[in-house]
1. Taking residue 246, is it open to solvent by less than 60 Å² (accessible area, probe 1.4 Å), farther than 28 Å from residue 178 by Cβ and modelled with pLDDT of 95 or more?
2. If I go through the range 126-182 residue by residue, how many of them are touching a residue at least 60 places away in the same chain (Cβ under 8 Å) and of a type in the set (Gly, Ala, Ser)?
3. I'm checking my understanding of the structure. Among residues of the range 61-117 that are touching a strand residue (DSSP E or B) at 6+ places or on another chain (Cβ under 9 Å) and among the acidic types (Asp, Glu), which one is nearest to residue 9 (Cα to Cα)?
4. Applying the selection to the range 166-205, what residues are closer than 16 Å to residue 147 by Cβ and part of a strand (DSSP E or B)?
5. Can you find a residue that is open to solvent by 40 Å² or more (accessible area, probe 1.4 Å), within 16 Å of the ligand (Cβ to nearest atom) and either part of a strand (DSSP E or B) or farther than 22 Å from residue 126 by Cβ (or both) anywhere in the range 206-221?
6. Do you know which of the residues in the range 14-54 that are under 22 Å from residue 156 (Cα atoms) and open to solvent by 80 Å² or more (accessible area, probe 1.4 Å) is nearest to the ligand (Cβ to nearest atom)?
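The values are calculated or read from the model by the stated rules, or taken from the named source; none is laboratory data. All figures in this text were calculated on a predicted structure; none of them were measured in a lab. Here the Cβ is made from the backbone with ideal geometry for all residues, glycine too, and neighbour counts use every protein chain on show. For the accessible areas, the whole protein counts, side chains as well, though only heavy atoms, and no ligand, DNA or RNA atoms are used. Shrake-Rupley method; radii C 1.70, N 1.55, O 1.52, S 1.80 Å.
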Amino acid sequence: MTRTVYVNGEYLPETEATVSIFDRGFLMADGVYEVTSVLDGKLIDFEGHAVRLERSLNELDMPAACSKDELLEIHRELVARNEIVEGLVYLQITRGSDGDRDFVFPDPETTKPTIVLFTQNKPGLADNPAAKKGAKIISIEDIRWGRRDIKTVQLLYPSMGKMMAKKAGADDAWLIEDGYVTEGTSNNAYYVKNGKIVTRPLSNDILHGITRKAVLRMAAEAQMVVEERLFTIDEAKEADEAFTTSASAFVMPVVEIDGVALGDGTPGPIAKSLREIYLEESLKAAI
Ligand code: PDD
């Protein structure tokens, strides 16, 4: 089946969808994105992603390409047209193209944003075998820019981090700045020691994960203790267990950090339990 994608107001076969070579997303990484998961053919936490998108656009003085209601409609239409039961909807908005290359932002009155959405079909996303095994991670230096709270499409270093992990025989990398863990290449990072969940507090240093927010709320509701503070990779290596959260992998147990096995080297009980709670609660609230 040829995938149907959305570009600037039109639903098109992916082979016919085009964007200008002068698009600022392409030339300058001048764009923001969101990834929303789909389970049972429904959107998980659409509201959270829509609100964060609006914030990212505002922080970059970028006009909204369409309203929240229109966005929801497009998400649903793409899920339906592509018959997605489990998968992801990727959305990207860039500052558009003024037909040339210039560092100065174009006038938003005359240069309209580019909006692109497409689906990724991922059967088995909820029942992911990788979550049963748990992830092995390495730690690397965080050399990204200082506004990681804005979900921009500048993903070269996170991609390099994933490649460094792959080369080291691991699954992913956690990023370290000034001796403290910021987050994973494409997820938020947590460790658990003596029943207490530790994660870095929100700031411009990390992405304000939509899954993070939901998982922390669910952890509190389940009477789990959460401490939001800076932590080092050495603390995490001595943890009983660890995990990451993201819209694409939900709660992913971490079983090894820099070659050191956590606990008995299998997914820990808190990570497993939070994954189950998250999937169950999110499905109930999905739209
Ligand atoms: N990544 N931190 C970073 C750097 C991320 O790129 C992501 C998401 C997260 C988790 O945010 P959320 O829970 O809202 O997905 C944290 C997406 C999934 C991606 O780039 O594919």
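1. So residue 246 does not fit the description; no.
2. 7
3. For the range 61-117, the residue satisfying everything is 77.
4. 175, 177, 182, 183
5. yes
6. Per the stated criteria, the residue is 26.
So that you can scan it fast, the table gives a plain yes or no per residue for (1) in contact with a Lys or Arg (Cβ under 7 Å, 6 or more places away or on another chain); (2) outside the structural domain of residue 51 (by TED's automatic domain parsing); (3) closer than 20 Å to residue 236 by Cα:
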position	(1), (2), (3)
136	no, yes, yes
142	no, yes, yes
149	no, yes, no
153	no, yes, no
158	no, yes, no
171	yes, yes, yes
191	no, yes, yes
200	no, yes, yes
206	yes, yes, yes
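Condition check ((1) more than 15 Å from the ligand (Cβ to nearest atom); (2) within 18 Å of the chain's Cα centre (by Cα); (3) open to solvent by less than 70 Å² (accessible area, probe 1.4 Å)) across all residues:
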{"site": "84", "(1), (2), (3)": "yes, no, yes"}
{"site": "105", "(1), (2), (3)": "yes, no, no"}
{"site": "137", "(1), (2), (3)": "no, yes, yes"}
{"site": "140", "(1), (2), (3)": "no, no, yes"}
{"site": "161", "(1), (2), (3)": "no, yes, yes"}
{"site": "166", "(1), (2), (3)": "yes, no, no"}
